[in-house]
Amino acid sequence: MTGHILYRNKKICYHASGEGKVIVLLHGFLEQMSMWNYFSKKLSEKYTVVTIDLPGFGKSECLGPVHLMEEMASAVNKVLIHLNIRKCLLVGHSMGGYVSLAFAAMFSGKLKGLGLFHSHALADTAEAKVNRDRAIDVVRSDHGAFIFNFIPALFASENVEKFSKEIHRMHRDAISTSPEAIVAALEGMKYRTDKIDLLIRASFPFLFILGKKDSRIPFEKTLAQAALPATSEVLVLDNVGHMGFLEAREITLKAVEGFASKVFM
């Protein structure tokens with residue numbers, strides 16, 4: 001079932017399939033819910049799987065000049081209310097992980113577990129904020145060039161040629177994203193807050209999926225974060241960058257399936 005809700009009078013699109021306990025999958029920056037098609041197909045054999053185009057991406061509309069993680073989390077919550085979902089396992093890739101953490105801070109009672117898929121709980125450093133501003137300048141001058149250069153760097157260098165078809169598809173999908181939506185997401189990530197305390201006090205379990213060759217998140221710091229929750233699982237992937245759902249598809253799918261089976265016991 002594909003549908004949409006209105007959030008702040010803007011369209012937010014979603015897809016739901018399967019039956020049973022609910023897994024919600026959130027995409028990352030420059031992605032859309034279709035990135036989860038393979039995971040959704042497999043997981044929906046046992047569960048209800050909900051995927052969402054976050055504001056400004058895919059077929060969802062842009063909310064404004066800044067998409068705070070809390071704002072996107074509120075849009076996700078409205079989709080869940082619309083679908084009458086009271087409890088779920090939430091898994092977010094990259095920026096989707098930041099949105100998931102914001103959701104957890106706001107609506108913790110709705111979570112059975114949280115998966116951080118190449119994501120982490122730290123706020124941007126001062127250097128990272130400067131880099132966001134530089135990226136914003138590039139997007140405003142030539143968003144096509146920004147996308148063309150950004151996406152291959154998400155993969156481990158040895159995987160770029162191997163996944164050339166997937167990179168081409170990602171380019172094709174991302175180029176339809178407006179410069180305004182890209183900037184809004186960059187601004188929102190720049191202003192996101194630290195969620196380390198959430199990891200420490202959360203009553204639900206966490207799954208961390210990390211790539212040793214991830215150029216986008218601080219591997220050692222994120223690995224250390226995995227020790228903070230009362231209950232957590234960690235999957236560390238060799239020769240994988242930021243795109244484990246493609247670079248190590250079966251292994252990461254199995255990790256999500258295994259985690260789901262435990263949180264829904």
Calculate the spin-label point distance for I251 paired with T231, positioning each point 7 Å from the Cα along the beta-carbon direction, and give it in nanometres.
2.6 nm
Within straight cross-link reach of K212, meaning Cα distance under 16 Å, which lysines are found once same-chain residues fewer than 8 apart are removed?
K221
Rg/Rh (Cα only; Kirkwood hydrodynamic radius) as it applies to segment 1-109:
0.92
Leaving out ligands, DNA and RNA, and with a 1.4 Å probe, what % of the accessible surface on segment 1-108 is carbon or sulfur?
49 percent
Potential lengthening between S261 and E19 on full extension [0.36 nm per residue; Cα-Cα distance subtracted]
85.7 nm
Along the Cα-to-Cβ line of R140, 7 Å from the Cα, sits a label point; which residues in segment 187-211 have backbone N less than 14 Å from it?
187
Of the candidates T222, T252, T125, which one comes out as most mobile in a Gaussian network treatment of the chain with C-alpha springs shorter than 10 Å?
T125
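The values are calculated or read from the model by the stated rules, or taken from the named source; none is laboratory data. From a predicted model like this one, the values you see are computed outputs, not experimental measurements. Note that each Cβ is placed from the backbone with ideal geometry, even for glycine, and that neighbours are counted across all protein chains shown. These accessible areas exclude ligands, DNA and RNA; they are computed on the full protein's heavy atoms, side chains included. Shrake-Rupley method; radii C 1.70, N 1.55, O 1.52, S 1.80 Å.
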